[in-house]
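Chemist: Before I ask anything, here is the structure I am working with.
The values are calculated or read from the model by the stated rules, or taken from the named source; none is laboratory data. Keep in mind that what you see is a predicted model, and the values were worked out from it rather than measured. As a convention, Cβ positions derive from the backbone with ideal geometry for all residues, glycine included, and neighbour counts pool all protein chains shown. Please note that ligands, DNA and RNA were not included when accessible areas were found on the heavy atoms of the full protein model with its side chains. Shrake-Rupley method; radii C 1.70, N 1.55, O 1.52, S 1.80 Å.
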Amino acid sequence: MTMSTSPRPPSRRGICPALSAPMATGDGLLVRLVPAEGWLTLAQMRGLASAARAYGNGIIEITAKGSVQIRGLTEDSVGPLNAAVGRLGITPRTGLPVDVSPLSGIDATEAVDARLMAARLHEMAADLVPRLGAKVSVVVDGGGALSLDAFKTDVRLVARPGKGEKMWDVSLAGDAARALPFGSVRGRDAPDLVRGLLERLAALGPSARMADALPPATDAPPRPMRETSPIGLFALTDGSTACGIGLPFGALHADDLDALIAAAEAAGARDLRPAPDHGLLATGLSAEDVDTFRTAAAQIGCLVLADDPRRFVAACPGAPACASADIPARAIAAEVAQVLGKALDGSLQVHISACSKGCAHPAPANLTLVGLPADAMDNRVALVREGRAGDATRPQITAEALLPTLARLAGALDAAHTPGARMVETLAALPSSSLEPLLLSPAVLESTP
Ligand code: SF4
(Lines give C-alpha, C1' and ligand atoms only; values in the text may rest on other atoms or scores of the structure.)
Protein backbone atom coordinates (compact mmCIF):
# COMPACT_ATOMS: atom_id res chain seq x y z
CA MET A 1 0.00 0.00 0.00
CA THR A 2 1.41 3.40 -0.97
CA MET A 3 0.56 6.92 0.05
CA SER A 4 -0.09 9.42 -2.73
CA THR A 5 2.27 12.39 -2.97
CA SER A 6 -0.42 14.77 -4.20
CA PRO A 7 -3.52 15.43 -2.14
CA ARG A 8 -7.06 14.75 -3.22
CA PRO A 9 -9.45 17.56 -2.29
CA PRO A 10 -9.28 17.94 1.48
CA SER A 11 -11.91 16.47 3.76
CA ARG A 12 -14.61 18.55 5.40
CA ARG A 13 -12.89 20.39 8.16
CA GLY A 14 -13.55 22.54 11.22
CA ILE A 15 -11.69 24.23 13.99
CA CYS A 16 -11.61 22.54 17.38
CA PRO A 17 -13.11 24.86 20.01
CA ALA A 18 -10.27 24.53 22.52
CA LEU A 19 -10.09 26.72 25.61
CA SER A 20 -7.88 29.12 23.68
CA ALA A 21 -10.15 29.14 20.63
CA PRO A 22 -13.81 29.22 21.63
CA MET A 23 -16.38 28.48 18.94
CA ALA A 24 -19.46 30.59 18.33
CA THR A 25 -22.72 28.62 18.58
CA GLY A 26 -26.35 29.56 18.81
CA ASP A 27 -26.17 29.64 22.61
CA GLY A 28 -22.97 31.67 22.88
CA LEU A 29 -19.37 30.58 22.86
CA LEU A 30 -18.38 26.98 23.45
CA VAL A 31 -15.05 25.68 24.69
CA ARG A 32 -13.76 22.14 24.70
CA LEU A 33 -11.39 20.78 27.32
CA VAL A 34 -9.45 17.52 27.34
CA PRO A 35 -7.60 17.09 30.63
CA ALA A 36 -4.01 16.08 29.84
CA GLU A 37 -4.04 13.45 32.58
CA GLY A 38 -7.31 11.95 31.30
CA TRP A 39 -9.15 12.34 34.58
CA LEU A 40 -10.46 14.99 36.96
CA THR A 41 -10.47 14.84 40.73
CA LEU A 42 -13.86 15.28 42.33
CA ALA A 43 -12.79 18.75 43.47
CA GLN A 44 -11.77 19.68 39.94
CA MET A 45 -15.05 18.43 38.53
CA ARG A 46 -16.97 20.39 41.14
CA GLY A 47 -14.94 23.46 40.26
CA LEU A 48 -15.75 23.01 36.58
CA ALA A 49 -19.45 22.79 37.41
CA SER A 50 -19.21 26.07 39.34
CA ALA A 51 -17.30 27.70 36.49
CA ALA A 52 -19.91 26.53 33.95
CA ARG A 53 -22.61 28.13 36.09
CA ALA A 54 -20.67 31.34 36.71
CA TYR A 55 -19.30 31.95 33.22
CA GLY A 56 -21.52 29.93 30.90
CA ASN A 57 -25.14 28.83 30.83
CA GLY A 58 -24.51 25.99 33.29
CA ILE A 59 -24.57 23.23 30.67
CA ILE A 60 -21.65 20.81 30.66
CA GLU A 61 -21.36 18.26 27.89
CA ILE A 62 -19.20 15.22 27.27
CA THR A 63 -18.69 14.60 23.58
CA ALA A 64 -18.64 11.35 21.61
CA LYS A 65 -14.83 11.37 21.96
CA GLY A 66 -14.93 12.06 25.70
CA SER A 67 -14.03 15.76 25.69
CA VAL A 68 -15.65 18.15 28.18
CA GLN A 69 -17.57 21.08 26.69
CA ILE A 70 -18.82 24.20 28.48
CA ARG A 71 -21.51 26.15 26.67
CA GLY A 72 -23.09 29.57 26.76
CA LEU A 73 -19.93 31.63 27.34
CA THR A 74 -19.46 35.23 26.27
CA GLU A 75 -16.43 37.14 24.99
CA ASP A 76 -16.06 38.53 28.49
CA SER A 77 -16.41 35.26 30.36
CA VAL A 78 -13.94 33.09 28.39
CA GLY A 79 -10.94 34.69 30.14
CA PRO A 80 -12.30 34.15 33.66
CA LEU A 81 -13.18 30.57 32.73
CA ASN A 82 -9.61 29.98 31.57
CA ALA A 83 -8.33 31.43 34.84
CA ALA A 84 -10.69 29.20 36.84
CA VAL A 85 -9.46 26.11 34.98
CA GLY A 86 -5.89 27.11 35.81
CA ARG A 87 -6.73 27.64 39.49
CA LEU A 88 -8.28 24.18 39.60
CA GLY A 89 -4.96 22.72 38.50
CA ILE A 90 -6.41 21.27 35.29
CA THR A 91 -3.89 21.06 32.46
CA PRO A 92 -5.62 21.08 29.07
CA ARG A 93 -4.16 18.73 26.47
CA THR A 94 -2.16 20.53 23.79
CA GLY A 95 -0.09 19.39 20.83
CA LEU A 96 -0.92 16.36 18.69
CA PRO A 97 -4.14 14.72 19.95
CA VAL A 98 -3.19 11.16 20.87
CA ASP A 99 -6.25 9.40 22.24
CA VAL A 100 -6.09 6.50 24.68
CA SER A 101 -8.79 4.77 26.71
CA PRO A 102 -9.71 6.80 29.82
CA LEU A 103 -8.96 3.63 31.82
CA SER A 104 -5.56 3.08 30.25
CA GLY A 105 -2.99 2.22 32.91
CA ILE A 106 -5.58 1.00 35.45
CA ASP A 107 -7.67 -1.36 33.27
CA ALA A 108 -7.11 -4.93 34.48
CA THR A 109 -7.70 -6.27 30.96
CA GLU A 110 -5.37 -3.95 29.05
CA ALA A 111 -2.58 -5.76 27.16
CA VAL A 112 -0.21 -2.82 27.57
CA ASP A 113 -0.35 0.62 29.18
CA ALA A 114 -1.20 2.72 26.12
CA ARG A 115 -0.30 5.95 27.92
CA LEU A 116 3.42 5.18 27.62
CA MET A 117 3.24 4.81 23.84
CA ALA A 118 0.96 7.85 23.62
CA ALA A 119 3.47 9.99 25.54
CA ARG A 120 6.28 8.91 23.18
CA LEU A 121 4.22 9.72 20.10
CA HIS A 122 3.10 13.05 21.55
CA GLU A 123 6.66 14.10 22.25
CA MET A 124 7.96 12.80 18.92
CA ALA A 125 5.38 14.81 16.95
CA ALA A 126 5.69 18.09 18.84
CA ASP A 127 7.64 19.89 16.12
CA LEU A 128 5.28 18.64 13.39
CA VAL A 129 2.10 20.01 14.95
CA PRO A 130 2.29 23.50 13.36
CA ARG A 131 2.33 21.84 9.92
CA LEU A 132 -0.51 19.40 10.59
CA GLY A 133 -4.23 20.05 10.29
CA ALA A 134 -6.08 20.88 13.50
CA LYS A 135 -8.04 17.63 13.36
CA VAL A 136 -5.18 15.23 12.66
CA SER A 137 -5.08 12.68 15.46
CA VAL A 138 -3.65 9.35 16.53
CA VAL A 139 -5.33 6.57 18.52
CA VAL A 140 -3.30 4.25 20.75
CA ASP A 141 -5.41 1.32 21.89
CA GLY A 142 -3.84 -0.86 24.57
CA GLY A 143 -6.44 -3.57 24.03
CA GLY A 144 -8.45 -2.90 27.20
CA ALA A 145 -12.13 -3.29 27.90
CA LEU A 146 -13.02 0.19 26.67
CA SER A 147 -12.06 0.22 23.01
CA LEU A 148 -11.60 3.25 20.80
CA ASP A 149 -12.75 1.40 17.69
CA ALA A 150 -15.40 4.01 16.88
CA PHE A 151 -12.92 6.89 16.82
CA LYS A 152 -12.21 8.16 13.33
CA THR A 153 -8.52 8.93 13.33
CA ASP A 154 -5.55 9.32 11.00
CA VAL A 155 -3.23 6.71 12.50
CA ARG A 156 -4.39 3.84 14.75
CA LEU A 157 -2.12 1.60 16.83
CA VAL A 158 -3.69 -1.42 18.50
CA ALA A 159 -1.65 -3.58 20.88
CA ARG A 160 -1.58 -7.25 20.02
CA PRO A 161 -2.26 -9.53 22.96
CA GLY A 162 0.51 -11.90 23.98
CA LYS A 163 3.77 -12.04 25.85
CA GLY A 164 7.23 -11.00 24.73
CA GLU A 165 8.05 -7.89 22.79
CA LYS A 166 4.90 -5.91 22.20
CA MET A 167 3.65 -5.66 18.64
CA TRP A 168 1.22 -3.02 17.43
CA ASP A 169 -1.15 -3.33 14.48
CA VAL A 170 -1.20 -0.09 12.49
CA SER A 171 -4.07 1.14 10.33
CA LEU A 172 -4.78 4.44 8.62
CA ALA A 173 -7.71 6.80 8.17
CA GLY A 174 -11.05 6.05 9.71
CA ASP A 175 -12.65 3.99 12.44
CA ALA A 176 -11.55 0.44 13.17
CA ALA A 177 -14.12 -0.95 10.75
CA ARG A 178 -12.87 0.91 7.71
CA ALA A 179 -9.27 1.99 8.40
CA LEU A 180 -6.71 0.71 5.90
CA PRO A 181 -4.41 -1.92 7.47
CA PHE A 182 -0.75 -0.79 7.31
CA GLY A 183 0.98 -3.80 8.88
CA SER A 184 2.49 -4.37 12.29
CA VAL A 185 5.39 -2.77 14.09
CA ARG A 186 7.47 -3.48 17.17
CA GLY A 187 6.82 -1.09 20.03
CA ARG A 188 10.33 0.33 19.87
CA ASP A 189 9.91 1.12 16.15
CA ALA A 190 6.41 2.57 16.35
CA PRO A 191 7.37 6.22 17.05
CA ASP A 192 9.60 6.39 13.97
CA LEU A 193 6.91 4.78 11.81
CA VAL A 194 4.22 7.18 13.03
CA ARG A 195 6.54 10.15 12.61
CA GLY A 196 7.22 9.13 9.01
CA LEU A 197 3.49 8.92 8.30
CA LEU A 198 2.82 12.31 9.89
CA GLU A 199 5.72 13.92 8.02
CA ARG A 200 4.26 12.77 4.74
CA LEU A 201 0.88 14.11 5.82
CA ALA A 202 2.41 17.46 6.78
CA ALA A 203 4.05 17.64 3.34
CA LEU A 204 0.59 17.58 1.76
CA GLY A 205 -0.38 20.82 3.49
CA PRO A 206 -2.16 21.96 6.62
CA SER A 207 -5.58 20.84 5.49
CA ALA A 208 -4.63 17.25 4.62
CA ARG A 209 -6.01 14.23 6.44
CA MET A 210 -4.73 10.71 6.05
CA ALA A 211 -7.73 9.77 3.92
CA ASP A 212 -6.61 12.41 1.39
CA ALA A 213 -3.26 10.65 1.01
CA LEU A 214 -4.56 7.13 0.45
CA PRO A 215 -5.95 5.40 -2.60
CA PRO A 216 -9.74 5.66 -2.85
CA ALA A 217 -11.57 3.35 -0.44
CA THR A 218 -12.52 -0.06 -1.77
CA ASP A 219 -15.89 -1.73 -1.43
CA ALA A 220 -14.53 -4.15 1.17
CA PRO A 221 -17.14 -4.85 3.85
CA PRO A 222 -16.47 -3.09 7.16
CA ARG A 223 -14.74 -5.16 9.85
CA PRO A 224 -16.61 -5.81 13.12
CA MET A 225 -15.87 -3.24 15.82
CA ARG A 226 -15.66 -3.87 19.56
CA GLU A 227 -18.25 -2.40 21.92
CA THR A 228 -17.31 1.13 22.91
CA SER A 229 -19.92 1.98 25.52
CA PRO A 230 -18.48 3.22 28.80
CA ILE A 231 -21.74 2.31 30.56
CA GLY A 232 -21.07 -0.66 32.82
CA LEU A 233 -18.50 -2.02 35.25
CA PHE A 234 -14.79 -2.34 34.56
CA ALA A 235 -12.27 -4.32 36.64
CA LEU A 236 -9.24 -2.27 37.65
CA THR A 237 -5.69 -3.44 38.38
CA ASP A 238 -5.95 -2.62 42.11
CA GLY A 239 -8.99 -4.87 42.54
CA SER A 240 -11.48 -2.01 42.62
CA THR A 241 -14.12 -1.22 39.99
CA ALA A 242 -14.84 1.65 37.65
CA CYS A 243 -18.54 2.36 37.15
CA GLY A 244 -19.41 4.06 33.87
CA ILE A 245 -22.60 6.03 33.32
CA GLY A 246 -23.85 8.05 30.35
CA LEU A 247 -24.93 11.68 30.34
CA PRO A 248 -28.45 12.05 28.95
CA PHE A 249 -27.95 13.29 25.37
CA GLY A 250 -24.37 14.06 26.30
CA ALA A 251 -25.18 16.87 28.74
CA LEU A 252 -25.92 17.71 32.35
CA HIS A 253 -26.72 20.97 34.07
CA ALA A 254 -24.10 21.96 36.63
CA ASP A 255 -26.63 21.42 39.44
CA ASP A 256 -27.13 17.81 38.37
CA LEU A 257 -23.40 17.38 37.94
CA ASP A 258 -22.95 18.59 41.53
CA ALA A 259 -25.40 15.90 42.66
CA LEU A 260 -23.50 13.28 40.66
CA ILE A 261 -20.17 14.37 42.16
CA ALA A 262 -21.71 14.14 45.65
CA ALA A 263 -22.85 10.59 44.83
CA ALA A 264 -19.36 9.68 43.60
CA GLU A 265 -17.89 11.13 46.78
CA ALA A 266 -20.33 9.22 48.98
CA ALA A 267 -19.41 6.03 47.12
CA GLY A 268 -15.69 6.64 47.73
CA ALA A 269 -14.75 7.31 44.09
CA ARG A 270 -11.14 8.26 43.45
CA ASP A 271 -11.77 10.39 40.37
CA LEU A 272 -14.16 10.97 37.48
CA ARG A 273 -13.01 10.27 33.95
CA PRO A 274 -14.73 11.73 30.90
CA ALA A 275 -15.22 8.83 28.51
CA PRO A 276 -16.14 8.26 24.87
CA ASP A 277 -19.80 8.04 23.91
CA HIS A 278 -20.79 10.85 26.32
CA GLY A 279 -19.74 8.87 29.40
CA LEU A 280 -18.27 9.45 32.81
CA LEU A 281 -16.37 6.81 34.79
CA ALA A 282 -16.16 6.83 38.59
CA THR A 283 -13.03 4.85 39.51
CA GLY A 284 -11.87 3.10 42.67
CA LEU A 285 -15.26 1.81 43.82
CA SER A 286 -15.85 -1.28 45.93
CA ALA A 287 -18.49 -3.81 44.84
CA GLU A 288 -20.97 -2.44 47.40
CA ASP A 289 -20.36 1.19 46.49
CA VAL A 290 -21.04 0.55 42.82
CA ASP A 291 -24.75 0.09 43.48
CA THR A 292 -24.92 3.24 45.58
CA PHE A 293 -23.36 5.29 42.82
CA ARG A 294 -25.37 3.72 40.04
CA THR A 295 -28.68 4.21 41.85
CA ALA A 296 -27.91 7.87 42.50
CA ALA A 297 -26.82 8.40 38.89
CA ALA A 298 -30.08 6.90 37.60
CA GLN A 299 -32.09 9.20 39.89
CA ILE A 300 -30.28 12.19 38.44
CA GLY A 301 -31.33 11.00 34.97
CA CYS A 302 -28.06 9.50 33.81
CA LEU A 303 -27.90 6.32 31.72
CA VAL A 304 -26.85 3.28 33.73
CA LEU A 305 -27.73 0.55 31.23
CA ALA A 306 -25.87 0.16 27.94
CA ASP A 307 -29.11 -0.60 26.10
CA ASP A 308 -30.87 2.57 27.29
CA PRO A 309 -32.58 3.81 24.09
CA ARG A 310 -31.54 7.40 24.87
CA ARG A 311 -27.98 6.36 24.04
CA PHE A 312 -28.90 6.09 20.37
CA VAL A 313 -30.53 9.51 20.07
CA ALA A 314 -28.33 12.58 19.54
CA ALA A 315 -29.90 15.96 20.29
CA CYS A 316 -28.56 19.51 20.33
CA PRO A 317 -29.53 21.91 23.17
CA GLY A 318 -32.34 23.37 21.05
CA ALA A 319 -34.84 25.93 22.35
CA PRO A 320 -34.73 27.89 24.56
CA ALA A 321 -30.96 27.59 25.06
CA CYS A 322 -29.98 28.23 21.44
CA ALA A 323 -31.04 31.36 19.58
CA SER A 324 -31.08 29.47 16.27
CA ALA A 325 -33.41 26.73 17.51
CA ASP A 326 -36.85 26.08 16.09
CA ILE A 327 -37.75 23.20 18.43
CA PRO A 328 -36.72 22.17 22.00
CA ALA A 329 -34.58 19.30 20.68
CA ARG A 330 -33.03 18.06 23.90
CA ALA A 331 -36.25 18.50 25.86
CA ILE A 332 -38.19 16.24 23.49
CA ALA A 333 -35.37 13.75 22.95
CA ALA A 334 -36.28 11.60 25.95
CA GLU A 335 -39.86 11.27 24.68
CA VAL A 336 -38.59 10.41 21.20
CA ALA A 337 -36.37 7.70 22.69
CA GLN A 338 -39.27 6.34 24.71
CA VAL A 339 -41.66 6.30 21.75
CA LEU A 340 -39.13 4.59 19.48
CA GLY A 341 -38.32 2.13 22.28
CA LYS A 342 -37.40 -1.27 20.87
CA ALA A 343 -36.57 0.25 17.49
CA LEU A 344 -33.48 1.75 19.13
CA ASP A 345 -31.61 -1.54 19.36
CA GLY A 346 -28.20 0.06 18.96
CA SER A 347 -28.01 -0.32 15.21
CA LEU A 348 -30.18 2.69 14.43
CA GLN A 349 -28.94 6.25 15.00
CA VAL A 350 -31.54 8.99 15.43
CA HIS A 351 -30.60 12.67 15.42
CA ILE A 352 -32.83 15.51 16.59
CA SER A 353 -31.58 18.88 15.41
CA ALA A 354 -33.32 22.10 16.35
CA CYS A 355 -32.16 23.73 13.12
CA SER A 356 -30.47 22.67 9.89
CA LYS A 357 -26.95 23.20 11.27
CA GLY A 358 -26.88 19.76 12.91
CA CYS A 359 -24.40 20.50 15.73
CA ALA A 360 -25.11 17.33 17.71
CA HIS A 361 -24.40 14.89 14.87
CA PRO A 362 -22.66 16.38 11.83
CA ALA A 363 -22.47 12.95 10.14
CA PRO A 364 -25.47 11.34 8.45
CA ALA A 365 -27.89 9.48 10.74
CA ASN A 366 -30.41 6.81 9.84
CA LEU A 367 -33.22 9.16 10.80
CA THR A 368 -32.80 12.89 11.38
CA LEU A 369 -35.58 15.12 12.72
CA VAL A 370 -34.91 18.77 11.88
CA GLY A 371 -36.71 21.76 13.35
CA LEU A 372 -37.87 24.28 10.75
CA PRO A 373 -39.04 27.88 11.20
CA ALA A 374 -42.66 28.30 12.16
CA ASP A 375 -45.25 28.74 9.44
CA ALA A 376 -48.63 30.29 10.08
CA MET A 377 -49.69 27.36 12.21
CA ASP A 378 -46.84 25.77 14.06
CA ASN A 379 -43.19 24.86 14.07
CA ARG A 380 -42.49 22.08 11.66
CA VAL A 381 -40.14 19.14 11.67
CA ALA A 382 -38.54 17.66 8.57
CA LEU A 383 -37.73 13.96 8.49
CA VAL A 384 -34.49 12.97 6.77
CA ARG A 385 -33.70 9.35 6.11
CA GLU A 386 -30.00 8.45 5.85
CA GLY A 387 -28.84 12.04 5.78
CA ARG A 388 -27.75 15.13 7.65
CA ALA A 389 -29.75 17.94 9.20
CA GLY A 390 -28.73 20.15 6.29
CA ASP A 391 -30.44 17.76 3.88
CA ALA A 392 -33.87 18.57 5.31
CA THR A 393 -36.55 19.12 2.70
CA ARG A 394 -39.50 16.82 3.09
CA PRO A 395 -41.55 15.12 4.41
CA GLN A 396 -42.48 17.75 6.95
CA ILE A 397 -44.92 17.46 9.82
CA THR A 398 -45.98 19.79 12.59
CA ALA A 399 -44.00 19.60 15.79
CA GLU A 400 -47.20 18.51 17.49
CA ALA A 401 -47.50 15.50 15.19
CA LEU A 402 -43.93 14.35 15.78
CA LEU A 403 -44.45 11.83 18.58
CA PRO A 404 -47.56 10.20 17.07
CA THR A 405 -45.71 9.95 13.76
CA LEU A 406 -42.72 8.29 15.36
CA ALA A 407 -45.03 5.93 17.22
CA ARG A 408 -46.41 4.83 13.84
CA LEU A 409 -42.89 4.38 12.52
CA ALA A 410 -41.97 2.30 15.58
CA GLY A 411 -45.05 0.16 14.99
CA ALA A 412 -44.16 -0.30 11.33
CA LEU A 413 -40.60 -1.30 12.19
CA ASP A 414 -41.86 -3.73 14.79
CA ALA A 415 -44.28 -5.29 12.28
CA ALA A 416 -41.62 -5.58 9.58
CA HIS A 417 -38.88 -6.82 11.89
CA THR A 418 -37.73 -10.41 11.52
CA PRO A 419 -35.93 -12.34 14.30
CA GLY A 420 -32.18 -11.83 14.19
CA ALA A 421 -32.35 -8.77 11.96
CA ARG A 422 -31.11 -5.41 13.19
CA MET A 423 -33.47 -2.47 13.11
CA VAL A 424 -31.20 -0.58 10.75
CA GLU A 425 -31.72 -3.38 8.25
CA THR A 426 -35.46 -3.35 8.88
CA LEU A 427 -35.59 0.40 8.21
CA ALA A 428 -33.46 -0.02 5.10
CA ALA A 429 -35.90 -2.62 3.81
CA LEU A 430 -38.76 -0.11 3.98
CA PRO A 431 -38.80 1.37 0.47
CA SER A 432 -38.45 5.15 0.25
CA SER A 433 -41.67 5.32 -1.69
CA SER A 434 -43.52 3.87 1.26
CA LEU A 435 -41.85 5.77 4.06
CA GLU A 436 -43.38 9.18 3.53
CA PRO A 437 -47.00 8.04 3.47
CA LEU A 438 -46.16 5.60 6.22
CA LEU A 439 -45.05 8.43 8.41
CA LEU A 440 -47.89 10.70 7.55
CA SER A 441 -50.91 8.47 7.35
CA PRO A 442 -52.08 5.88 9.86
CA ALA A 443 -54.34 4.42 7.16
CA VAL A 444 -51.37 3.63 4.92
CA LEU A 445 -49.49 2.28 7.90
CA GLU A 446 -52.28 -0.16 8.68
CA SER A 447 -52.17 -1.53 5.15
CA THR A 448 -48.40 -2.06 5.23
CA PRO A 449 -47.55 -5.77 5.42
S1 SF4 B 1 -28.17 22.61 15.60
FE2 SF4 B 1 -29.06 23.11 17.59
S3 SF4 B 1 -27.37 23.92 18.83
FE4 SF4 B 1 -26.71 23.95 16.68
S5 SF4 B 1 -27.21 26.04 16.00
FE6 SF4 B 1 -28.95 24.72 15.45
S7 SF4 B 1 -30.36 24.89 17.17
FE8 SF4 B 1 -28.39 25.67 17.88
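Chemist: When the Debye formula is applied to the Cα atoms of region 240-390, each taken as the same point scatterer, what base-10 log of I(q)/I(0) results at q = 0.08, 0.11, 0.18, 0.20 Å⁻¹?
Modeler: The calculated log intensity ratios at q = 0.08, 0.11, 0.18, 0.20 Å⁻¹ are -0.26, -0.47, -1.00, -1.14.
Chemist: Continuing with the same structure: Would you report the distance distribution of C-alpha pairs in region 98-213 as whole percents per 10 angstrom bin, up to the bin with the largest distance?
Modeler: Going from the shortest bin to the longest, the percentages are 15, 49, 31, 5, 0.
Chemist: Note down the relative contact order for the chain as a percent, whole number, built from C-alpha pairs under 8 angstrom at least six residues apart.
Modeler: 12 percent
Chemist: Please calculate how many Å² of accessible area region 98-213 carries per residue, with a 1.4 Å probe and no DNA, RNA or ligand atoms counted.
Modeler: 40 Å²
Chemist: Using only the Cα atoms of region 214-277, construct the convex hull and provide its projected area averaged over every direction, in square nanometres to one decimal.
Modeler: 7.6 nm²
Chemist: Write down the percent of antiparallel bridges among all DSSP beta bridges whose residues are both part of region 98-213, to the nearest 5.
Modeler: In region 98-213, DSSP labels about 65 percent of beta bridges as antiparallel.
Chemist: Another one. Per the Kirkwood treatment, what hydrodynamic radius in Å, one decimal, follows for the chain from the mean inverse distance over all distinct Cα pairs? Working shown, then result.
Modeler: Numbers: mean 1/r = 0.0431 Å⁻¹.
Hydrodynamic radius (Kirkwood, Cα pairs) of the chain is 23.2 Å.
Chemist: Next question, about the same structure. Please quote Rg/Rh for region 18-129 to two decimal places, taking the Kirkwood radius as Rh and restricting both calculations to Cα atoms.
Modeler: 1.01
Chemist: Given a 1.4 angstrom probe, what's the average accessible area per residue across region 220-285, in square angstrom?
Modeler: With the other protein chains kept in place, region 220-285 gives 35 Å² per residue.
Chemist: Scale the Cα Rg of region 327-378 by the rule-of-thumb value 2.2 N^0.38 Å and send over the ratio, two decimals.
Modeler: 1.20
Chemist: Over all alpha-carbon pairs in region 242-329, figure out the percentage whose distance exceeds 16 Å.
Modeler: 53 percent
Chemist: Let me see the pair-distance distribution of region 153-299: every alpha carbon pair, 5 Å bin width, integer percents in order.
Modeler: Going from the shortest bin to the longest, the percentages are 2, 8, 14, 14, 12, 12, 12, 12, 10, 5, 1.
Chemist: Here's another thing I want to ask about it. Whenever you get a sec, compute what percent of the accessible area on the chain sits on carbon and sulfur atoms (1.4 Å probe).
Modeler: 57 percent
Chemist: Rounded to the nearest 500 deg cm²/dmol, what is the calculated helix-only ellipticity per residue at 222 nm for the chain, with -39500 (n - 2.57) per DSSP H run of length n ≥ 4?
Modeler: After summing the helix terms and dividing by residue count, I get -9000 deg cm²/dmol.
Chemist: Suppose a student asked you for the relative contact order of region 232-306, using Cα pairs under 8 Å spaced at least 6 residues apart; what percent would you report?
Modeler: Relative contact order comes out at 41 percent.
Chemist: Report the GluC sites (Glu not before Pro) located in region 93-201 that are in a DSSP loop and have at most 11 other Cβ atoms inside 10 Å of their Cβ, or state none.
Modeler: Passing sites in region 93-201 are 165.
Chemist: Could you tell me how many cubic angstrom of Cα convex hull volume region 152-230 has per residue?
Modeler: Convex hull volume per residue, Cα atoms: 121 Å³.
Chemist: Between residue 430 and residue 334, 0.36 nm times their residue separation minus their Cα-Cα distance comes to what?
Modeler: 32.1 nm
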